[in-house]
Amino acid sequence: MSGLVDKAKHYVAEKIANVPKPDASLTDVDFKKVSFDSADYIAKVSVNNPYPHPLPICEIKYTLKSVGKVIASGNMPDPGSIKASGTTVLEVPVKVPHSIIVTLVKDVAKDWDIDYELDLGLIVDLPVVGNITIPLNRKGEIKLPTLSEAIWGSNDEAAKEASKETKREIAN
């Protein structure tokens, strides 16, 4: 009898191991805006669903590190679902308090960017199998906006045009 149970366990384990799973990648991390209490960033996650039906995403957990220190961590509960047989791009908002940014002054002053490492866990509910976590990691640097970009936007042409307009107004 125990041999039959062992064979059944082995069969189920083998079938579950061969179940196709969604795959994901962290495609980008960008600066979004500055508010009175924090700097906001957006992490873009591309998720591919191999199934012909949508899959619910239970939660996204993240930890953002810079210079070896955790500068933000949190979770995004119930961010929606992954569309059937296709790719879904999720935007994960990450808030970094200003008090933490002050500790990064040495890194920022050196090259006007923040070197980062983002660890992200995408928790997906697979039918029959249950919840699985897809671990993601990305290292890179986030370029900070210059003063002109913060005032006139990130488009250099728009900044040049605004500067010309301001000079014309001053001349008149």
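The values are calculated or read from the model by the stated rules, or taken from the named source; none is laboratory data. For clarity, every value in this text was computed on a predicted model and none was experimentally measured. Virtual Cβ from ideal backbone geometry, glycine too; neighbours counted across all protein chains shown. Quick note on the areas: whole protein, heavy atoms, side chains included, nothing else; ligands and nucleic acids left out. Shrake-Rupley method; radii C 1.70, N 1.55, O 1.52, S 1.80 Å.
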## Note on the structure
Here the residues within the stretch 94-111 that are open to solvent by less than 70 Å² (accessible area, probe 1.4 Å) and under 23 Å from K139 (Cβ atoms) are V94, V96, P97, I100, I101, L104, D107, V108, D111
#### Entry: Residues of the stretch 51-65 satisfying the condition of being in a loop (DSSP other than H, G, I, E, B), surrounded by 14 or more Cβ atoms within 10 Å (Cβ to Cβ) and either of a type in the set (G, A, S) or in contact with a Pro (Cβ under 9 Å, 6 or more places away or on another chain) (or both)
Y51
### Message
Criterion first (farther than 15 Å from A39 by Cβ and open to solvent by less than 80 Å² (accessible area, probe 1.4 Å)) does G80 satisfy it?
### Response
yes
### Summary
Considering the stretch 20-50, residues that are outside any strand (DSSP E or B) and in contact (Cβ under 8 Å) with a residue 60 or more places away in the chain, and then whichever is least open to solvent (accessible area, probe 1.4 Å), we arrive at P22
